[in-house]
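Chemist: Could you have a look at this structure, given as structure tokens, before my questions?
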Amino acid sequence: MQEHKAKTYVVTGSNTGIGFETAKALAETGGRVVLAVRDVAKGEAAAARIKEATGSERLAVQPLDLADLGSVRAAADQLSKAERIDVLVNNAGLASTAKGQTKDGFELVVGTNHLGTFALTEALMPKILETARARGEARVVNLSSTAHQFARQLDPQNLFPEKRSRARNAYAESKLMNLLHAREMARRYGRMGVRAHAVHPGFVNSDFGRSDHFPGLWQAAFLLTKPMQISAEKGAKTTLAAALSDDGAWNNGLYWDKESPATPTLPEGHEKMARDLWEESKRLLREKGFVTEEPDEEPQAPLGGPSPIFPNAL
């Protein structure tokens with residue numbers, strides 16, 4: 001446990017649900033945990049509950065709104081002041097059938113779930129890479145969903161089409177983007193010590209699909225399926241497996257379900273799709289003045305297979 005006490009964990013969307021349970025479990029390891037949340041008051045209340053449950057004093061709250069690139073930049077600048085970032089858990093996300101835009105003018109669901117997450121991760125990558133070089137390993141865990149298999153018309157060079165056949169497709173597409181983002185991170189940064197994974201936490205009973213995001217029919221469906229839903233604590237176990245387990249250390253670019261590596265449903269040409277998604281995301285961010293530091297090299301890393309042994313591995 002001693003090695004965990006030296007680590008820093010950043011968990012987005014951690015004031016409630018899966019994110020809260022993830023942050024609480026990480027606090028129990030003795031490591032420093034940063035709750036990156038949109039509502040600071042709720043984040044502070046969550047930190048107080050975690051302190052009461054675990055006894056941990058090593059908790060911090062960081063304002064973060066993934067639907068606002070200015071907030072993302074400010075959060076990344078502050079988080080990068082830490083000595084290290086061992087694990088970034090990209091838990092925050094939005095499920096919505098309502099139309100809307102981010103502060104920067106992007107469609108709300110994809111703009112938040114993918115582009116905001118991508119921007120934060122890339123802005124933090126210099127610190128994550130620095131940690132990996134010094135400590136032998138660092139990890140990024142993206143919360144995806146089994147809904148990724150319903151993203152049938154994703155065009156990585158047109159992430160914000162004017163029309164979608166159904167509003168829920170934006171959510172499915174964003175979850176496929178989270179999965180492809182993790183795999184491309186593994187390819188680009190794997191040889192530098194970064195492990196990137198995507199997670200399906202399960203059908204979790206949380207406020208993720210709360211009423212201000214879904215119309216009445218969807219709310220009725222949520223209520224009817226409650227007996228099939230699992231607790232947020234159980235859903236967090238898959239995130240924690242990807243973030244802490246040996247399988248997560250010695251493999252890269254995996255998709256996790258039920259606490260174990262699983263096989264995702266990927267479209268044909270997904271490797272090129274992941275590369276194109278990366279480049280288009282960078283282009284969209286540059287257009288908004290959100291420029292991130294590029295690493296010195298872009299090595300090719302195998303996905304899903306054994307990772308190289310690092311001499312400084314913990």
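Just so you know, all these numbers are worked out from the coordinates, no wet-lab data involved. Just so it is clear, the model here is predicted, and its values are computed rather than measured. As a convention, Cβ positions derive from the backbone with ideal geometry for all residues, glycine included, and neighbour counts pool all protein chains shown.
Chemist: Quick one: net charge around ALA45, please, counting Lys, Arg +1 and Asp, Glu -1 for every other residue with C-beta under 14 Å from its C-beta. Could the numbers behind the result be given before it?
Modeler: Details: positive: LYS24, ARG38, LYS42, ARG49, LYS51; negative: ASP39, GLU44, GLU52.
Net local charge, ALA45 excluded: +2.
Chemist: Okay, moving on. Rounded if a/c is under 1.5, else prolate if a/b is larger than b/c, else oblate: which is the range 2-287, with a ≥ b ≥ c the root eigenvalues of its Cα gyration tensor? List each step's numbers first, then the result.
Modeler: Working: a/c = 1.40, a/b = 1.17, b/c = 1.20.
Rounded, because the longest to shortest axis ratio a/c is under 1.5.
Chemist: At 7 Å along the Cα-to-beta-carbon direction for both ASP155 and GLU268, put a label point, then send me their distance in nm to one decimal.
Modeler: Inter-label distance under the simple model: 1.8 nm.
Chemist: Which of the lysines could be linked to LYS272 by a straight reach, that is with a Cα gap under 26 Å, when you skip same-chain ones fewer than 8 residues away?
Modeler: Once the sequence-local lysines are set aside, what remains near LYS272 is LYS163, LYS175, LYS282, LYS288.
Chemist: Amide H to amide H, which residues 5 or more places from LEU64 or on other chains are under 5 Å from it, using H placed in the peptide plane?
Modeler: The list, which skips near neighbours in sequence, is VAL37, ARG38.
Chemist: What list of ³J(HN,Hα) couplings, whole Hz, do you get for the range 38-47 from phi and the Karplus terms 6.51, -1.76, 1.60, once you set θ to phi - 60° and write x for glycine and proline?
Modeler: 6, 9, 5, 4, 5, x, 5, 5, 5, 4
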